[in-house]
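In what follows, a structure is listed as structure tokens, so that the remarks can point back to it.
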Amino acid sequence: MKPFAQKLNELTPELVALVDDVIARHNGDPTQLVGILLDLEAGVERHYIPEPAAYYLAERLSIPPTQVYDVISFYTALHDQPRAKYTLQVCDSAPCRVKDSDALCETLKRLLNLEVGEVTYDGRFSIEKVPCFGACDVSPAVRVNGVVYGHLDSEERIMDMLRQLD
Amino acid sequence: MSKTVSFITRNFGKYNPSSLASYEFIGGFTALRKALDMDGDAIAQLLADNGVQGRGGAAYDMGRKWSQARAVQAPHKCVVCNADEGEPGTFKDRELLSKDPFQLLEGMIIAGWAVGADNGYIYMREEYSHLRPQLLSAIEQCEKAGYLGENILGHEGFHYHIHLYSGAGAYVCGEGSALCESLEGHSGRPRMKPPFIKQCGAFHLPTCVNNVESLSLVPPLLLDKDGFYKSQGTPDCPGTKLISVCGNVKNPGVFEVPFGITLREIIYDLAGGIEDGHQLQLVQLGGASGRLASPAQLDTQYTYKGMKGADLTAIGSGAILVVDERTSVIGFLRMTQQFFSHESCGQCTPCREGNRHIARFLDKIAAGTHTEEDIKLMEKYANIMSTASMCGLGETAQSALLSAMKRFPEVFAVKKEVAVR
Amino acid sequence: MSETKMIHLTINHMPVEVPAGTRIIEAAQSIGIDIPHLCYHPDQSIKAHCRMCMVEVTGQRKLLAACSTLVWEGMEVVTDSKRVYDAQVGVLDLILADHRQDCLACARNNNCDLQNLCRRFNRLKPDLPDVSSQERPRLDNPSIVRDPSKCVKCGRCVKVCSEVQGIGALSFTGRSADCKVTTAFDLPMNETDCVLCGQCTLVCPVGALTEVDHTSHVRHALHDSNKHVVVQIAPSVRVALGDDFGLEPGALVTGKMVTALKMMGFEKVFDTNFTADLTIMEEGSELLERIQKGGRLPMITSCSPGWVNFMEKHHPELIGNLSTAKSPQGMFGAVLKTYYAQRMGWDPKDIFSVSVMPCTAKKFEATRPELGRDGYQDVDVVLTTRELAKLIRYEGLNPVNLPESDFDSPLGTGSGAGAIFGATGGVMEAALRTAYELYTKKELPRLEFEEVRGEVGGIKEATIDLDGTPLKVAVVNGLKNAEEVIRRIQSGEADYLFVEIMACPGGCIGGGGQPIGTNNEKRKARIKALYDLDKSLPLRKSHENPDIQTIYQEFFDHPLSHKAHELLHTEYFPRPKRYDFSPYIEKYRKFLPDSAKK
């Protein structure tokens, strides 16, 4: 396995190509900034917006870098720090909490030996607490890269879910 | 009265949601053809006659909204579909988006025709990104078939396009003007009003914002020849409503119910009752911004008036969160508070600052270290938030707390020894 | 003229009549009620963030924000009910609990909108625990300090930066309690698009954005007997300083200010108007030379350091268009430490050169390595008008009561042309007076060039008749407007020969270092005061200033001479972007040195 990508501090040709590609998919339309950043994040291995990419994007769209930074900092689904390849998002809102998502979170922490917000040494897993993602009918639930895993009310089911990843 | 009905959900499972042909096969787009023979005022009137109130939470009279949008004179207007279903415990739009996307598109095209818009925007929350490919393909198929594009279905001059935009995890973007900001590539901080979005909304155009459910309701209403919709519900609140029930119930899910059904029927008959061995503690209606109902209020009729009369949130997003005794009232309030402390946009003082202070008061109450003074201050700032905040988020963030203070006063009682100190 | 509809309402039972479209806060002002506010600013678009101005309107369930609510016929407003009081004090407490209260050590002590509100509501401490940010003040550039722990998130700085200057270096970021005003990626201001113009420090209601305070450097120098401490004062300071001492806007306090400075112990008190005249000699000659010899046109003025920063950061392609003449501050520093030092027999190293400027970007300009030689800078310390007021207060002086004194000679004589440098259009007019006479060798029939006198926040275009030769010019203030003028130039829409650009609205009289409370109304009063001053002076053309004639005879020989080039002209450099875009974006490839091009 190739070593896991670290934080990107330089504007590389690969990063430029990725940004150019995402911008092209959005017709270079700066009003689609939120969608552009989401696509960009999906395209970066550690699912975040590297600072050089943000600056290059601002330049390409002719918007101030502050706008890009503001948008990244405002929306929960956008990040300016490297995350994991598989970020386990545990719903932290009342509908899941009353179905004991706290226990789910504790189990994940124990199984992965990880605190919320930390990333495993190999960059594969991290745990995040997020607001309701509308899977309340299958709560308690976890969302990983857009896919929802529901009814995680026992350790076996949680293990099953983890096995399905990678 | 039957417990569930099938009106807006009538196509669920009846066709392949990724195929336009199968939607057409079950009669899709006949409502659009009918609408194109009517003028916009007649369509708005039809909504008004059926007493349709917007499903987004504010419950604005939908016929009035459309006729106002129609009356605005401007070369370009837009329709926005609010698919940012962010109220915790709400997932009914998810069902409409996944099981009947074409009905929504049909409703949006009719909206465009009725209000005279040339662009429609679906603003869908990032949490539903898995529904994007299907929805994008549905739009594409409609473009190809001539339901979208130039001179739609041969109607000279009716040009209309639908664009799918994504949110990125911000509850506040459910607020109309914040949604417009987000559509324009900015952070979703609500705008100062006036100007109102009906005059100057997304891309500075007159904008008509409707919820997914409101728009999805339009095609069946147009085809409702025998007045089925109006025959449902109660005389002062006709029709049906899509609700999502979750929490400590046996059978959580989305149900289409006639207005006028009681909370008891919803919880015990539709959702199968409380999980075995536990008792009902409270119900939160309309999501995190909703008030709390005590078990004594279960026989309240689920209508706008009935709920209001019982000092509960009037329908709102249609979320019904059922909580049993395993979660304490204060514990529950802290969960709700945590949500708002995370979701406030931080722009106006009462909401940005109020949330964090109230969170601290709740922590103190949970620890049993609070004083009478703390309770007074907490109530004071909760009231300031609801009366002085800039948008609906701050205004309703303390609904749960303020209603709990009325309905569960005992949980705020001060421990004696602390009070003396 | 169409008649404006009048609206009738009552405020605290007082009948009020205002035009339709008025907001409650303005209607209240019209009858002398000042509704408490923080984010509202008369020169800015409405934000309605702070919620201090909540008032009660009969029949409304919620309280309404007076700054954003338009009046309607029959409206009944109450600004002092219990409900309003409770809400306003509540909001004030919420703001205070998030504001680090070290008032005694704050640059804005006694001049702070939040403090005024506390005084008004008799509020010493909020009934809430302190939740203010623990971030320390960020001193990362020579001009502006940011103190996030004091920020009240009113958004005035964000608005002025984006709406007036068109830069957007500051913005809201994050949300809820993490919402703060900062730069992109929280970087030091100098590493962002910021041009250090300081307009943000002027609108900040509290001490979250202030000038870097250099008063102690000056005091140390004044206490050092081995130093010749010399001060120069910019044209626009004399019509603004009075504000800080309660005089009416635009009050002219030149003589009193000179007395105060002499009492403080400055060995020589000189006038930057003198080098403004010198700038005109060089810049005017440069313009004629460019026109006659086919140089790069349009020529653009270079005396506004905020504009120069903007150009270097955002439009390096215009470097060749800028006049190479140094700003008056820069010329003064150079003249002081060469010509004047020689004349006085002083070692330049013993001179401590202070300038008083209306500007925070001047602090940065003074640190430019181009503006110095032999290991010393031409200007050692730049004080803003606000810092000068502070020093005067430290001395226990009130300039209002002081007698008047004259500037020292010979660097203290300035013409009316030099004086109007402080107003938008002033440099243009001064240059035209000289260029006309140098070019046509005739006397000007009329001194006033009303057509180039700018408006606060406007763009002005004119064609000047140089005795038969048309000279197309433009005058602009505010960088957002500058961007528009640049667009016109680059699109070929306009073919100006000479353009004056000032970074701040109204020119230097509205600069980022002027007294707190500077607004567009005061800017207009100051502009008028400068033009009145010009009119009252016997000497109104730079080239007729006898001391200017002397300095050319004794030292520089003639404008654009070798020596003048060495001391009075400078060069500009493109500022590197944070990341190297040159391999990817054509625009940036053009500015690479040839060796680096592939």
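The values are calculated or read from the model by the stated rules, or taken from the named source; none is laboratory data. Quick caveat: nothing in here was measured; it's all calculated off a predicted structure. All Cβ positions, glycine included, derive from the backbone under ideal geometry; neighbour counts span all protein chains shown.
Quick notes on this structure:
Listed here are the residues, each with its yes/no results for (1) more than 9 Å from every other protein chain (Cβ to nearest Cβ); (2) under 30 Å from B:PRO195 (Cβ atoms); (3) β-branched (Val, Ile, Thr).
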residue	(1), (2), (3)
B:ARG356	no, no, no
B:ILE365	yes, no, yes
B:THR369	yes, no, yes
B:ILE375	yes, no, yes
B:ILE384	no, yes, yes
B:GLY392	yes, yes, no
B:ALA397	yes, yes, no
B:ALA404	yes, no, no
B:GLU410	yes, no, no
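- Scan of region A:44-65 for residues that are within 14 Å of chain B (Cβ to nearest Cβ) and either within 25 Å of C:ASP193 (Cα to Cα) or at pLDDT 95 or above (or both), ordered by number: A:TYR48, A:ILE49, A:ALA54, A:LEU57, A:ALA58, A:ARG60, A:LEU61, A:SER62, A:ILE63, A:PRO64, A:PRO65
- Residue among B:PRO220, B:PRO258, B:PRO190 that is touching a Phe, Trp or Tyr at 6+ places or on another chain (Cβ under 6 Å) and surrounded by 21 or more Cβ atoms within 10 Å (Cβ to Cβ): B:PRO220
- Filtered by the rule that a residue be closer than 19 Å to C:CYS157 by Cα and in contact with a Leu (Cβ under 7 Å, 6 or more places away or on another chain), region C:517-553 gives a lone residue, C:THR518.
- Pairs where the first residue, in region B:27-55, is touching a residue at least 60 places away in the same chain (Cβ under 8 Å) and at positive phi and the second is assigned to a loop (DSSP other than H, G, I, E, B) and of a type outside the set (Lys, Arg), C-beta under 7 Å, 6+ apart: B:PHE29/B:TYR147; B:GLY51/B:GLY239
- Unmet requirement for C:THR192, which otherwise passes all of (1) within 14 Å of chain B (Cβ to nearest Cβ); (2) buried (at least 19 other Cβ atoms within 10 Å of the Cβ): (1)
- In a residue-by-residue description of region C:18-29, the property of being of a type outside the set (Lys, Arg), over 24 Å from B:ALA382 (Cα atoms), touching a residue at least 12 places away in the same chain (Cβ under 8 Å) and touching a helix residue (DSSP H, G or I) at 6+ places or on another chain (Cβ under 6 Å) applies to at least one position.
For every residue, the table says whether it meets (1) at positive phi; (2) within 12 Å of another protein chain (Cβ to nearest Cβ); (3) in a helix (DSSP H, G or I); (4) at pLDDT below 95.
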| residue | (1), (2), (3), (4) |
| --- | --- |
| B:LEU97 | no, yes, yes, no |
| B:LEU105 | no, no, yes, no |
| B:ILE109 | no, no, yes, no |
| B:ALA114 | no, no, yes, no |
| B:TYR128 | no, yes, yes, no |
| B:LEU131 | no, yes, yes, no |
| B:GLN134 | no, no, yes, no |
| B:CYS142 | no, no, yes, no |
| B:TYR147 | no, no, no, no |
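- Matching entry among A:ASP80, A:ASP70, A:ASP102 (being surrounded by fewer than 19 Cβ atoms within 10 Å (Cβ to Cβ) and either more than 11 Å from chain B (Cβ to nearest Cβ) or modelled with pLDDT of 95 or more (or both)): A:ASP80
- Filter pass, C:LEU537 being among the aliphatic types (A, V, I, L, M), surrounded by fewer than 19 Cβ atoms within 10 Å (Cβ to Cβ) and over 30 Å from C:LYS480 (Cβ atoms): yes
- Single match in C:PRO403, C:PRO369 (criterion: surrounded by fewer than 22 Cβ atoms within 10 Å (Cβ to Cβ), in a loop (DSSP other than H, G, I, E, B) and without any contact (Cβ under 8 Å) to a residue 12 or more places away in the chain): C:PRO369
- With respect to the conditions (1) small (Gly, Ala, Ser); (2) surrounded by 16 or more Cβ atoms within 10 Å (Cβ to Cβ); (3) without any contact (Cβ under 8 Å) to a residue 12 or more places away in the chain, C:ALA87 falls short on a single one, namely (3).
- Elements of type helices (runs of 4 or more DSSP H) in region C:263-362, at least 3 residues being within 22 Å of the chain's Cα centre (by Cα) and either surrounded by fewer than 20 Cβ atoms within 10 Å (Cβ to Cβ) or of a type in the set (Ser, Thr, Tyr) (or both): C:272-293, C:305-314
- Some residue of region C:448-460 being touching a strand residue (DSSP E or B) at 6+ places or on another chain (Cβ under 8 Å), part of a strand (DSSP E or B) and surrounded by fewer than 24 Cβ atoms within 10 Å (Cβ to Cβ): yes
- Residues located in region B:305-328, provided they are within 14 Å of another protein chain (Cβ to nearest Cβ), out of contact with any Pro (no Cβ under 8 Å at 6 or more places or on another chain) and either part of a loop (DSSP other than H, G, I, E, B) or surrounded by 17 or more Cβ atoms within 10 Å (Cβ to Cβ) (or both): B:SER317, B:GLY318, B:ILE320, B:VAL322, B:VAL323, B:ASP324, B:GLU325, B:ARG326, B:THR327, B:SER328
- Applying the set (1) surrounded by 24 or more Cβ atoms within 10 Å (Cβ to Cβ); (2) within 11 Å of chain C (Cβ to nearest Cβ) to B:THR336 leaves exactly one unmet item: (2).
Residue-by-condition table, conditions (1) among the aromatic types (Phe, Trp, Tyr); (2) surrounded by fewer than 21 Cβ atoms within 10 Å (Cβ to Cβ):
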| residue | (1), (2) |
| --- | --- |
| B:HIS357 | no, no |
| B:ALA367 | no, yes |
| B:HIS370 | no, no |
| B:ILE375 | no, yes |
| B:LYS380 | no, yes |
| B:THR396 | no, no |
| B:ALA404 | no, no |
| B:PHE408 | yes, yes |
| B:VAL411 | no, yes |
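- Single unsatisfied condition, B:CYS180 versus (1) among the hydrophobic types (A, V, I, L, M, F, W, C); (2) at pLDDT below 95; (3) under 19 Å from the mean Cα position of the chain (by Cα): (2)
- Only a single criterion out of (1) crowded, with 24+ Cβ neighbours inside 10 Å; (2) out of contact with any Lys or Arg (no Cβ under 7 Å at 6 or more places or on another chain); (3) away from every other protein chain (no Cβ under 14 Å) is not satisfied by B:SER67, namely (1).
- Tally of residues being part of a strand (DSSP E or B) and within 12 Å of chain A (Cβ to nearest Cβ) across region B:177-209: 0
- Residues of region A:142-166 that are within 11 Å of chain B (Cβ to nearest Cβ) and closer than 16 Å to A:THR87 by Cβ: A:ARG143, A:ASN145, A:GLY146, A:VAL147, A:VAL148.
Rundown of residues vs (1) over 15 Å from A:GLN32 (Cβ atoms); (2) surrounded by 22 or more Cβ atoms within 10 Å (Cβ to Cβ); (3) aliphatic (A, V, I, L, M); (4) not assigned by TED's automatic domain parsing to the domain that holds B:ILE109, yes/no style:
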| position | (1), (2), (3), (4) |
| --- | --- |
| B:SER137 | yes, no, no, no |
| B:TYR147 | yes, yes, no, no |
| B:GLY154 | yes, no, no, no |
| B:HIS159 | yes, no, no, no |
| B:ILE162 | no, yes, yes, no |
| B:SER166 | no, yes, no, no |
| B:GLY176 | yes, yes, no, no |
| B:SER182 | no, yes, no, no |
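- Any hit, region C:542-561, residues being assigned to a helix (DSSP H, G or I), of a type in the set (Asp, Glu), without any contact (Cβ under 8 Å) to a residue 40 or more places away in the chain and in the same structural domain as C:GLY250 (by TED's automatic domain parsing): no
- Residues that are more than 14 Å from chain B (Cβ to nearest Cβ) and on the phi < 0 side of the Ramachandran plot number at least 2 in the following helices (runs of 4 or more DSSP H) confined to region C:66-165: C:113-121.
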